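Pasting a structure below so you can have a look.
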Amino acid sequence: MRVSIVGTGHVGLVTAASLAHLGHEVLGVDDDAEKVATIARGETPFHEPGLQELLREGLDAGRLRVSPDVPEAARFGEVVFICVGTPTKPTGEANLVQVERVSTVIARALEGYTVIAEKSTVPVETGVWVRRTIELTAAPDAEFDVASNPEFLREGRAVHDTLNPDRIVVGTSSARAMERLRELYAPILDRTGCPFVVTDLATAELIKHASNAFLATKVSFINAIADICERTGADVHEVARAMGLDPRIGPAFLGAGIGYGGACLPKDVAAFRHKADELGVGFPLLEEVERVNMARRERFIEKIRSAVWNLEGKRIAMWGLAFKPDTDDLRNAPAIEIARRLSEEGADVVAYDPVAMPASKPLLFAATFAPTALEAAQGADCLAICTEWEEFRGVDLERLRDAMARPAIVDGRNMFDPPAMADAGFTYASMGRPTAAPAPGP
Ligand code: UGA
């Protein structure tokens, strides 16, 4: 099938490369000419495991092309995916200007029956506007349907999630559009047997916002429990583990820490809350989810203060800058705000991240960067862990302790076992678990 993808950001580019991998002919379009040139060379504009290989495979096989020409996307694709950004306005509302602009350009260039599918995360009722915009702009005899086909991929696991989804959701009132999308995804459906969920447009749009809002709620819920654990000496890790054994609750997304970040959860919770207000129903639960999430950063900084007393003049090593492992994405990354706050309070921040340092440098003028985790820790009064990169787990604890000026760790991601860290000679504070310290000498 011929497929066009408008917008080659994280979702768009992964979708394009994955559909080409499945044997479709794919055209990726983006009005950022520099990004198009990068992708055309077989380079990915962001870090995503496995994507570069898939991209090169598609380009070499001639099944994947990129272009800055949006009208070409409308002429080429039997399905045209809208994957442009839907950033947050200061009020929390989703800014849908790019979705409208792309819909207009596509409408003018439509040729033959085309399915226009929203893949960008959009508030419920956006599809109605997309359809109306295209109807008003397209030639009277243009044949098209609008569908919602939300994406559930996670950054860092995006290729895997796209090729092995838990479900494929298609929202449309047109049987013809639904059949076309089923045919597009047939290679995945046949191989994995994953559910193909067909709904109306509004329901599909809501499934996406409801899913991300629920994930954020789980994270804030366990973070609120973490605070109660800290006051009572209980251990949030054990609470979450036992809660997760109940299949109605499940173990995922119950990791307490410095809160959720990234390009999706914070934006989507805000947009969903705003939409609920606009609809007159409100969603105050989501305001609380946001409040708990933002309070995590302050809580973490307080713990660093408790470890070193005054921040001024203290050397703080920071491990991890990306909002989560296996990505260089710094959008809404808690570490960035935490590093800035520490610097503002006079601390000397020395940061290390396996892949996100180049992107961090323009954001963190006051910090310095070290080439390895151990070098960042050299002479530090405290080590602050902000992202749970796998390489940190394998660190040589003896060398780490010897490198630091004071053996104090504040772990915002609960990576290590507290008693083991105390045995290794560290004062180890984490989130929602008792602080562990080496036993006093004889
Ligand atoms: C999220 C959703 O998980 C995807 O299903 C969705 O497709 C995507 O948004 C999107 O809308 O595009 P992503 O932003 O890549 O994916 O990141 P997640 O893996 O969901 O993690 C989000 C944040 O929650 C991270 O900062 C992570 O550290 C934090 N988190 C996650 C916790 O603090 N605790 C947990 O237990 C799990």
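Treat the stretch 201-442 as a sphere of radius equal to its Kirkwood radius over Cα pairs and apply Stokes-Einstein at 4 °C in a medium of 1.567 mPa s; give the translational diffusion coefficient in µm²/s, rounded to a whole number.
69
Tell me, what is the per residue accessible area of the chain in Å², probe radius 1.4 Å?
That works out to 43 Å² per residue.
Just name one of Y185, H160, T133: the one whose Cα is farthest towards the positive end of the charge dipole of the stretch 97-191 (beta-carbon charges, Lys/Arg +1, Asp/Glu -1).
Positive-end residue among those listed: H160.
In the stretch 172-243, carbon and sulfur make up what percent of the accessible area (probe 1.4 Å)?
Details: 2170 of 3540 Å².
Carbon and sulfur: 61 percent of the exposed surface of the stretch 172-243.
Could you tell me which residue out of F416, Q98, I228 lies farthest along the dipole of the chain toward its positive end? Charges go on the beta carbon: Lys and Arg +1, Asp and Glu -1, centred on the Cα centre.
Farthest towards the positive end: I228.
Can you give me the solvent accessible area of C264 with a 1.4 Å probe, rounded to the nearest 10 Å²?
60
Now for a different question. Taking K267 as the anchor, which lysines have their alpha carbon closer than 23 Å to its alpha carbon, excluding any fewer than eight residues away along the same chain?
K89, K119, K208, K218, K275, K324
Right, another one. Taking a cut-off of 31 Å, what percent of all Cα-Cα pairs in the chain are separated by more than that?
Summing the P(r) of the chain above 31 Å gives 46 percent of all pairs.
Quick one: check the C-alpha center-to-center distance for the stretch 27-49 versus the stretch 281-336, whole angstrom.
First find each Cα centre; the distance between them is then 31 Å.
Taking square-rooted eigenvalues a ≥ b ≥ c of the alpha carbon gyration tensor, is the stretch 208-256 rounded, prolate or oblate, where a/c under 1.5 means rounded and, failing that, a/b exceeding b/c means prolate?
Cα axes put the stretch 208-256 in the oblate bin.
Also, quick follow-up: Sorting R108, R131 by accessible area (1.4 Å probe), largest first, what list results?
Values: R108 170, R131 75 Å².
From most accessible down to least: R108, R131.
Express the carbon and sulfur contribution to the solvent-accessible surface of the stretch 100-158 as a percent, rounded to the nearest whole number, probe 1.4 angstrom.
47
Shape of the stretch 57-200 from its Cα gyration tensor (a ≥ b ≥ c, root eigenvalues): rounded if a/c is under 1.5, otherwise prolate when a/b > b/c, or oblate?
Working: a/c = 1.36, a/b = 1.21, b/c = 1.13.
Here the stretch 57-200 falls in the rounded category.
Suppose every K and R has +1 on its Cβ and every D and E has -1 on its Cβ; what is the size of the dipole of the chain about the Cα centre, in Debye to the nearest 20?
480
Carbon-plus-sulfur fraction of the accessible area of the stretch 285-442, 1.4 Å probe, in percent?
52
Can you work out ³J(HN,Hα) from phi for every residue in the stretch 426-436, in order, using Karplus 6.51 cos²θ - 1.76 cosθ + 1.60 and θ = phi - 60°, giving whole Hz and x for Gly and Pro?
Residue by residue, the stretch 426-436 yields 9, 8, 10, 9, 9, 9, x, 9, x, 5, 10 Hz.
Quick query: amide H of A384 versus all other amide H atoms, modeled in the peptide plane; which residues come in under 5 Å with a sequence gap of 5 or more or a different chain?
Amide H to amide H, under 5 Å and 5 or more residues apart or across chains, A384 pairs with A317, M318, W319, V410.
Round to a whole angstrom and tell me the spacing of the C-alpha centers of the stretch 197-254 and the stretch 145-192.
One Cα centre to the other: 24 Å.
Here is a further query. What are the membrane-span-like helices in the chain by this rule: whole DSSP H runs, Cα extent along the axis at least 20 Å, mean Kyte-Doolittle hydropathy at least 0.5?
Working: long enough: 201-232 (47 Å, 0.55); 284-308 (37 Å, -0.49).
Going by DSSP H runs, the hits are 201-232.
Each label point is 7 Å from the Cα along the Cα-to-Cβ direction; what then is the distance between the points at V355 and R182, in nm?
3.7
If one computes the Cα centroid of the stretch 365-442 and of the stretch 343-363, what distance in Å separates the two points?
Here the two parts' Cα centres lie 17 Å apart.
The values are calculated or read from the model by the stated rules, or taken from the named source; none is laboratory data. Computed from a predicted model, the values in this text were never measured in an experiment. Note that each Cβ is placed from the backbone with ideal geometry, even for glycine, and that neighbours are counted across all protein chains shown. The area values use the complete protein model at the heavy-atom level, side chains included, leaving out ligands, DNA and RNA. Shrake-Rupley method; radii C 1.70, N 1.55, O 1.52, S 1.80 Å.
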